Amino acid sequence: MGVVVFAFAAGAMDYITKPPDEVELLARVQSALRLKREMDERRAREQELRQVNRRLERVLGDLDEKHRLLELEQEKSERLLL
């Protein structure tokens, strides 16, 4: 059992004894593949969210600039009316 503890301490995520049981081996491989797919999907979603966030930041920056220009025009109009 010391080898298993050492393996996990070294970063192993799973283990299987020899000779491997075919059903157990298949289940563990399927589990590992499912985890890999989920991690890949999460990374893809995170990348998409980063892109959306960048677009939103640009839009907000544009809106802020337009708002600033609108305020300047409003001040100018008020001065002209006075």
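A short reminder: the numbers here are calculations on the coordinates, not readings from a lab. Everything quoted here is computed from the prediction, not taken from an experiment. Counting neighbours? That spans all protein chains shown, and the Cβs are built from the backbone with ideal geometry, glycine included.
For the reader, a short list of remarks on this structure follows.
- Here the chain is assigned +1 on the Cβ of each Lys and Arg and -1 on the Cβ of each Asp and Glu. Its dipole about the Cα centre then comes out at about 180 debye.
- Rounded to whole Hz, the Karplus (6.51, -1.76, 1.60) HN-Hα couplings of segment 50-67, x for glycine and proline: 4, 5, 4, 4, 4, 4, 4, 4, 5, 4, 4, x, 4, 5, 4, 5, 5, 5
- Positive dipole terminus of the chain, leading residue within Val59, Leu49, Ala9 (C-beta point charges): Ala9
- The alpha carbons of the chain stretch over 92, 25, 11 Å along the principal axes, in descending order.
- Under the simplified labelling scheme, the Leu49-Leu80 pair shows an inter-label distance of 4.7 nm, with each label point 7 Å from Cα along Cα→Cβ.
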